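Q: Okay, handing you the structure first.
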Amino acid sequence: MATGGGWAPARSVERHGAPRGGGGTRSKSVAPCPRRPSPSPARSRPAPDNGGSADSCRVRVAIRLRPKNSEDLAYGSDFDSCVELQPESKRLKLKKNNWICESYKFDEVFSENASQKRVYEVVAKPVVESVLEGYNGTVMAYGQTGTGKTYTVGRLGKDDPSERGIMVRALEHILSSMSFETDRVAISYLQLYLESVQDLLDPEKTNIPIVEDAKTGEISLPGASIVEIKDLEHVFHLLQIGEANRHAANTKMNTESSRSHAILIIHLQRSSRIKEENSSLSNDTHDIFPDDLPLVLKSKLLIVDLAGSERIDKSGSEGHMIEEAKFINLSLTSLGKCINALAENSPHIPTRDSKLTRILRDSFGGTARTSLVVTIGPSSRHYSETSSTIMFGQRAMKVVNTIKLKEEVDYETLYKKVEREVDQLTSEMERQQKLMKNEKMQLDKKLKESEGSFHDLRMTSNIRIENLEKEKCQLESAVKTLMRDLEEERGQNNLLSEQIAELEKLVNENKQQQLENLSRMKIFTDTTKEHEKEMEELLRQLQEERRCSSSLKDRMSVLQQELCDAQSSTQLQESMAHELEKKLTKVTEEFTSQVQSLKEKISELISEKEVIYEELKSTQEKVQQEMLHRQGLEDQILRLKWSTSDICAEESKTSYGMVRSGSGLGNAAFVSKSGKIREALSGQRGTISKIFEEVGLPNVLALLKSEDLDVQIHAVKVVANLAAEDINQERIVEEGGLDALLSLLETSENTTIHRVTAGAVANLAMNGSNQGVIMNKGGARLLANVASKTEDPQTLRLVAGAIANLCGNEKLHLMLKRDGGIKALLGMVRSGHAEVIAQIARGIANFAKCESRVISQGHRKGRSLLIEDGVLTWMVANSTRFSHSTTRHIELAFCHLAQNEDNTCDIIASGGIKELLRISRESPRDDARNLAKMALDSNPAFLREVQ
Ligand SMILES: Nc1ncnc2c1ncn2[C@@H]1O[C@H](COP(=O)(O)OP(=O)(O)OP(=O)(O)O)[C@@H](O)[C@H]1O
């Protein structure tokens, strides 16, 4: 249950009406706010006959006559009612006796039949509506005990709505008119008993003080319960509580007489917006309050059920009841005095004389709209009380109030709104602060990063500058060195240029000679072709002549036939036949001479042809000799080259420091001559290179497929020469030269072709990347095939050289064995030719060395691939039979095989231990001796055999 302090403290704006009809002291209650002419309440809801100006509002008084009760009826036999009502004229006639009668006009006169509803609508409803608009209001019942005050005001009528009195109907009216979202209604229910204000809703609360606001004059009862209500049920509940707590006593006049003044205060608070169109606030007020300031209209409705105003003696009060009656009379007398003073515009209103007048200060001569219902009984027995009651009502009608509208700032709503805005602003501020903090952190981070980057950059720049300066110094010294070297090279170049010029001169001469030979060959070929053509023509003519001759013979036989016929017929015909015979003879002679002449021509041509053939033959022999000479030189180059390549390979691959002292040919004399040969060959190869450049590799390779054997041989020689140059080796393979060469090995029956082609393949096999291609294209198989067919030592030497080159590639070993390369290599031993055997030994050494390396690296296992084809046996048997270089190859190959433990059994079986011991002791080569010792020391089986 809320208390009076629960309502928001108010800063009020009051609307003042016109000067009041009375109660000048009331001006004290006006707040010191800017004043403005108060709008009339009638503007929003005209008040019916308020009896004053638009702002002033007279207290309205209605008379209600109670129906006769049983007591009245008991006395009614000897005296009629003293009251006569004239509702049409709103008048009441009070009859003292049959000849004295006074008439009074009231604002309304309700007969005994008037319904509760009508009484409410006339008396209370305008006040309630005014309260709903924000004005204070008072509805009060005044009258003698038992005349129906409580009936009119406080009847609950819970079960019978028609019985409901003003309190219930007013609250019903208010509850139905307000908005529960924005408006609030609450009640306090008090009684004034023995001059003590008591809370009827909380009877413990007694002696509730009456407080008057010094500024506004507003009366409040701090401590009184203020209970907010929401529905009518609650209203009934609270009023029932109040009713139960109200003091009542059984007086003579009313068995349920109320001995206290009951005061129901309805507190109403309604929201109001200053911007509303119908707002009646002045511009001044707008200046005070912002447009969106929440305002509330606060109003109060007092519904007062006064205690009975009877005389003590009449009411039969005794003892305590007399005391009660005295207090009741005191307060009512005081009220009467105030009303009298107000009615007479007295300067002094004795409101402080009683608590009732203090509480009702605003209701009479104050700011409230007040309606008074005066209840009277009909009985003439109570004429005097009825008369005084009527006079009270008459005086009260003279009291004019100045109603004021009071709007207050709704600080509670405002506080909540401001609190919400503050919350929003705080959260926004926090959000902004957070954002700013984050931004600051990011900026700080970026700044740090920038500083770091700048520092790094500066450091890097300094280092780079230092490096650049160092590089600059180095470059400068390098430039100086280069300039010196350049000068030296220039001197050497000049020498070389002179040598080149001489060589070019030689080449040109050689070329000129070659060209002449070629042109002569071409002329001869052309001449031969022309003669062949002429011979063909002559033969054709001869054939033609023969056909003519045959046809002439046919003709002659016809003519002879005709002649015979003629001879047999007439003499004339004989002479004609003679003539014809002559002609025939002549023709035959001519024919014979033509045939003869043709025969002579043919024999001349044949002899010419023979001469040309002779010339051609002699030219071919010259070319052949030249080619043979060149071939010899090429062979020597090849030998030199292979020997050199092996040495290079040995030096680059071996880990044993093997160095070959001799060439692959094993010819020491050749080595001493190699300088001269190289010189001679360089000129020859230069020539071929020139031809190659001019003719082009595709054209040269195309000649490999020529049907002319000589051309083919020469082409192979040219290709073999080109293949001797490292620079050409891969290109020849790429352009299809290898395919053409292998095709020649396979298809050609010519020994020269085999020899030169084998040389060309051997040259190409010097190139590591070509070796796999040669193997993949069946090169080893074809070489083995050639080796098996020929006994020509040069061919065998070149084939062995080619296979020896392939032996130097460990990746091809298995394929080489599979294609019969090893078998063929060893098979060529049959030649007995030192140069062939030198190539075989070189190949075996290459193979054994590479195989040993692969096995030692763990890439392969098992006995040597050479053993199966009998190479080991041959080596053991022939290691010392050949030249030094060949012996060295064999010894090294044997020592490499001895490094592989998987070969142990074969070596022991072939008698290789003896050979190993010999090599370890007698070999002139350190590397061979070391390898042999290593094999003997590391292999327990060998050690056992040695022991
Ligand atoms: N207008 C009326 N119509 C019917 N009955 C009425 C009327 N007025 C009063 N009475 C009846 O008269 C009796 C006395 O009424 P009520 O108690 O209201 O008088 P009262 O003025 O309040 O008396 P008190 O001052 O002693 O409290 C009640 O029984 C009530 O029902």
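The values are calculated or read from the model by the stated rules, or taken from the named source; none is laboratory data. Since this is a predicted model, take the numbers as computed values, not measurements. All Cβ positions, even for glycine, are placed from backbone atoms using ideal geometry, and neighbour counts span all protein chains on display. All accessible areas refer to the heavy atoms of the entire protein, side chains included, with ligands and DNA or RNA removed. Shrake-Rupley method; radii C 1.70, N 1.55, O 1.52, S 1.80 Å.
Q: Only one residue in Thr216, Thr251 is away from the ligand (no atom under 16 Å from the Cβ) and at pLDDT below 90. Which one?
A: Thr216
Q: Considering only residues that are within 16 Å of the ligand (Cβ to nearest atom) and modelled with pLDDT of 90 or more, look in the stretch 254-278 and name the one that is surrounded by the most Cβ atoms within 10 Å (Cβ to Cβ).
A: Looking at residues that are within 16 Å of the ligand (Cβ to nearest atom) and modelled with pLDDT of 90 or more, I get Ala262.
Q: Now for a separate question. Going through Ser388, Ser380 one at a time, which residue ends up being within 16 Å of the ligand (Cβ to nearest atom), in contact (Cβ under 8 Å) with a residue 24 or more places away in the chain, open to solvent by 10 Å² or more (accessible area, probe 1.4 Å) and polar (S, T, N, Q)?
A: On inspection, the qualifying residue turns out to be Ser388.
Q: Could I ask something else about it? With the condition kept exactly as written, say whether any residue in the stretch 298-317 is of a type in the set (Ser, Thr, Tyr), part of a helix (DSSP H, G or I) and at pLDDT 65 or above.
A: Checked against the condition, which is being of a type in the set (Ser, Thr, Tyr), part of a helix (DSSP H, G or I) and at pLDDT 65 or above, the stretch 298-317 yields no hits at all.
Q: Please work out which one of (1) open to solvent by 20 Å² or more (accessible area, probe 1.4 Å); (2) in a loop (DSSP other than H, G, I, E, B) is the condition Ile241 fails and give its number.
A: Tallying (1) open to solvent by 20 Å² or more (accessible area, probe 1.4 Å); (2) in a loop (DSSP other than H, G, I, E, B), Ile241 fails exactly one: (2).
Q: Still on this model: For a quick check of your reading: which strands (runs of 3 or more DSSP E) sit entirely within the stretch 343-461 and have at least 3 residues that are farther than 30 Å from Leu332 by Cα?
A: By residue number, 406-409.
Q: Residues that are touching an Asp or Glu at 6+ places or on another chain (Cβ under 9 Å), closer than 20 Å to Leu239 by Cβ, within 16 Å of the ligand (Cβ to nearest atom) and of a type in the set (A, V, I, L, M, F, W, C): does the stretch 186-199 have at least one?
A: no
Q: Inside the stretch 150-166, can you point out the residues that are open to solvent by 20 Å² or more (accessible area, probe 1.4 Å) and either of a type in the set (Ser, Thr, Tyr) or near the ligand (Cβ under 9 Å from one of its atoms) (or both)?
A: Within the stretch 150-166, Thr150, Tyr151, Arg155, Ser162 meet the criteria.
Q: Would you confirm whether or not the stretch 824-842 contains a residue that is over 24 Å from Ser883 (Cα atoms), modelled with pLDDT under 95 and not in a loop (DSSP other than H, G, I, E, B)?
A: For the stretch 824-842, residues over 24 Å from Ser883 (Cα atoms), modelled with pLDDT under 95 and not in a loop (DSSP other than H, G, I, E, B): absent.
Q: Still on this structure, I have one more. May I ask you to list the residues in the stretch 183-213 that are open to solvent by 40 Å² or more (accessible area, probe 1.4 Å), of a type outside the set (Asp, Glu) and free of Cβ contacts under 8 Å to residues at least 24 places away in the same chain?
A: Lys205, Thr206, Asn207, Pro209, Val211
Q: Residues in the stretch 130-149: is at least one over 30 Å from Ser272 (Cβ atoms), among the acidic types (Asp, Glu) and more than 15 Å from the ligand (Cβ to nearest atom)?
A: no
Q: Checking the condition of a type in the set (S, T, N, Q), touching a helix residue (DSSP H, G or I) at 6+ places or on another chain (Cβ under 7 Å) and more than 16 Å from the ligand (Cβ to nearest atom), which residue from Thr357, Thr375 passes?
A: Thr357
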